[in-house]
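Participant: Just dropping this structure here.
The values are calculated or read from the model by the stated rules, or taken from the named source; none is laboratory data. If you're wondering where the values come from, they're calculated on a predicted model, not measured in any experiment. All Cβ positions, even for glycine, are placed from backbone atoms using ideal geometry, and neighbour counts span all protein chains on display. Each accessible area value is taken on the protein alone, full model and side chains, heavy atoms only, with ligands, DNA and RNA left out. Shrake-Rupley method; radii C 1.70, N 1.55, O 1.52, S 1.80 Å.
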Amino acid sequence: MGASEARLRRSTIADSIAVYGSIQGEDSVIFGLRDEDSKKPRHIWGCPPKGIVAGAITNVAAAALVWAVVWSMTHHESLPGGNFFGLLFLFFSAVLGGKVVGSIKLPGMPPLPRLFGMLFAGFLIRNIPLTSDLVKINVKWSANLRNVALSIILALAGLGIDPQALNKLKFVCFRLTIGPCVTEACTAAVMSHYFMHLPWAWGFMLGFVLGAVSPAIVVLSLLMLQAQGYGVEKGIPTLVIASGSLDDIVAITGFNVFLGMAFSKGSTFHSLLHGVLQVLFGAAAGCILGLFLWYFPSKDQTFLVWKRAFFVMGLSVLAILGSKHFGFPGSGGLCTIVLSFLGGLAWSDEKSEVEKIVAAAWEIVQPFLFSLIGAEIAIVSIGAIKVAICLATMGAALLARMTAAFFLVSCAGFDFKEKLFIALAWIPKATVQAAIGSVALDTARDNPDPSLEEYGLNILTVAFLAILITAPTGALLIGLTGPRLLQKANLDNEDDYGHEKEKAVVTSSPA
């Protein structure tokens, strides 16, 4: 392959990463991929204002207009202390926090995840006396909003699963999918049972909350390394990305099993049977609803893509909230993933258009999810000892995951450095922890036993700390260790490089 052809291929790969970054809510500029328009000088000051000043004025005016319209309909609810005021204040603070954190970047590395800023914004609002007095949100409102966000991100995860990629995955990928997740879950369960005094079912719930990695961080970081040729010859980026997407499904399924067990009454066997039945019921309901999406709306209808997106999101929200109402809290998550996956099977090329609409909806509810998670954590209620125990539990679980990942990719043709990188690449925790970390607490608040709410708060605290610590740390570790631990391919002679890139994008899940 000639040098000019190789440069063309690298340019095409760079463009693909820019597109993927924009889908994830990140501007392609953060990757150093600028088009000709971005090279033009930007006029900041002027009359009338343009550029950054005009953008800032527009955003502030839009926020004020949203509040004014809501106030005209709700009046006192939109004033300080009301629910609408609290939600709007939390939303715009989360968006601002995400923008600030997302603008922090180091050369040659992905930016810090925006969700970190959203989470921290909610945490500050809850723990600063002035804002905590102004922002009051009803517990039911908060729980329902988090459940809506959970349903949308799970639907997006289901749509992002590629059946052809699943069929082609090698045995090492399945080992990497199940082994580290289950190992981390078991370690966290043991630690939390003996040091946090959680019942076994709650301990395993905590374990599977921690057991999921964050493709939103891992995918972007690995695609940047892959664009530079690191690990391409042995398919390491593709392996980690595909395994990470399936890892989330294993974690969510395991969480749902033990969620059903924790809130069932009776013997241990009855609780286990109840948890398994909830999973089977969720899978069966998902299959029925997924088959419904094969035929309705029919292909001859107008606005077909929008109607399909509406049904996917509507049925997903109904599955999450309805399963809780009918006493099957462990069924909703799996039902959502199954119905969106099956629905996407029948839509062929149009699935990507549906996925874009659902991704746009996720961009709207994402600030609510992370800021509401942060707002649940009060410093005065957790204490230093509790934080230390939570950190020790999380640290032991992470160490067990990395050890399991290191040994499970042995005998697969990787050297020591490559196995070490694969283990480190699975550190970041983010979206799944926020999505399911509060489910146990929300379910416990509907239960008359007050001790269950404390268990749920413990799980949420660990999930919060996991996001706060591992999201930025994991992204930095991948960016720093990749060039040092992985071999760089000769892009001029790598014929399969473009295919590896395409496979990585297809098999990744935006969850």
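Participant: Amide H of Tyr230 versus every other amide H placed in the peptide plane: which residues, excluding those fewer than 5 positions away on the same chain, fall under 5 Å?
Facilitator: Residues meeting the criterion, in which the H sits 1.01 Å from N, are Ala489.
Participant: Another question about this same structure. From the cross-link list Lys105/Lys429; Lys99/Lys419; Lys299/Lys351; Lys99/Lys324, which pairs have alpha carbons spaced over 24 Å apart?
Facilitator: On the way: Lys105/Lys429 19 Å; Lys99/Lys419 34 Å; Lys299/Lys351 13 Å; Lys99/Lys324 34 Å.
Where the Cα-Cα span goes over 24 Å, the pairs concerned are Lys99/Lys419; Lys99/Lys324.
Participant: Further question on the same structure: Take peptides 221-232, 424-435 and line them up by average Cβ neighbours within 10 Å, highest first, as a rough protection proxy. The partial results should precede the final answer.
Facilitator: Working: 221-232: 23.0, 424-435: 27.7.
Per-residue mean Cβ counts within 10 Å order the peptides as 424-435, 221-232.
Participant: Want the number for Lys99 to Leu65: 0.36 nm per residue separation, take away the alpha-carbon distance, what's left?
Facilitator: On the way: separation 34, 0.36 × 34 = 12.24 nm, distance 2.04 nm.
Extending this stretch completely gives an extra 10.2 nm.
Participant: Apply the Karplus parameterisation 6.51 cos²θ - 1.76 cosθ + 1.60, with θ equal to phi minus 60°, to every residue of the stretch 443-458 and state each ³J(HN,Hα) to the nearest whole Hz, in sequence, with x for glycine and proline.
Facilitator: 5, 5, 5, 8, 9, x, 7, x, 5, 5, 5, 5, 4, x, 5, 5
Participant: Still on this structure, please answer the following. Arrange the peptides 395-407, 360-372 so that the one whose residues have, on average, the most other Cβ atoms within 10 Å appears first. Intermediate results must be reported in sequence, preceding the final value.
Facilitator: Values: 395-407: 19.4, 360-372: 21.8.
Per-residue mean Cβ counts within 10 Å order the peptides as 360-372, 395-407.
Participant: Something else now. Would you mind getting the accessible area per residue of the stretch 236-377, heavy atoms of the protein chains only, 1.4 Å probe, in Å²? Can you show the working numbers first?
Facilitator: Numbers: 5880 Å² over 142 residues.
Per residue, the stretch 236-377 has 41 Å² of solvent-accessible surface.
Participant: Got a sec? Which residues in the stretch 194-217 would a label at Phe407 touch, if it sits 7 Å along Cα→Cβ and we count backbone N under 16 Å?
Facilitator: It comes to no residues whatsoever.
Participant: Ranked highest first by the average count of other Cβ atoms within 10 Å around their residues, in what order do 460-469, 149-158 fall? Walk me through the numbers before you get to the answer.
Facilitator: Values: 460-469: 23.5, 149-158: 27.6.
Put in order of decreasing packing, that is 149-158, 460-469.
Participant: Please calculate the 1.4 Å probe accessible area of Ser298, with all protein chains present, and give it to the nearest 10 Å².
Facilitator: About 40 Å², ignoring ligands and nucleic acids.
Participant: Val53 versus Leu318, label points 7 Å from Cα toward the beta carbon: distance in nm?
Facilitator: In this crude spin-label approximation the distance works out to 5.2 nm.
Participant: While we're here: For the residue pair Leu277 and Asn144, what label-to-label distance in nm results when each label sits 7 Å from Cα along the Cα-to-beta-carbon direction?
Facilitator: 3.0 nm
Participant: Probe 1.4 Å, all protein chains in place: accessible area of Glu355 in Å², nearest 10?
Facilitator: Here the accessible area works out near 40 Å².
Participant: Using a 1.4 angstrom probe and counting only protein chains, how large is the accessible area of Tyr455 in Å², to 10?
Facilitator: The value for Tyr455 is about 50 Å².
Participant: Per the 1.4 Å probe, what fraction of the accessible area of the stretch 366-465, in percent, lies on carbon and sulfur atoms? Walk me through the numbers before you get to the answer.
Facilitator: Details: 2370 of 3300 Å².
Carbon and sulfur together cover 72 percent of it.
Participant: Now a separate question. For the stretch 330-471, what's the relative contact order in percent, using C-alpha pairs closer than 8 Å and at least 6 residues apart? Can you show the working numbers first?
Facilitator: Values: 77 pairs, mean separation 34.6, N = 142.
Relative contact order of the stretch 330-471: 24 percent.
Participant: Related question: Per-residue HN-Hα couplings for the stretch 75-89, Karplus 6.51 cos²θ - 1.76 cosθ + 1.60 at θ = phi - 60°, whole Hz, x for Gly and Pro?
Facilitator: Listing the rounded values in order: 6, 4, 5, 9, 9, x, x, x, 5, 5, 4, x, 5, 5, 4 Hz.
Participant: Take Glu454 and Ala284, extend 7 Å from each Cα along the Cα→Cβ direction, and tell me the distance between the two endpoints in nm.
Facilitator: 3.8 nm
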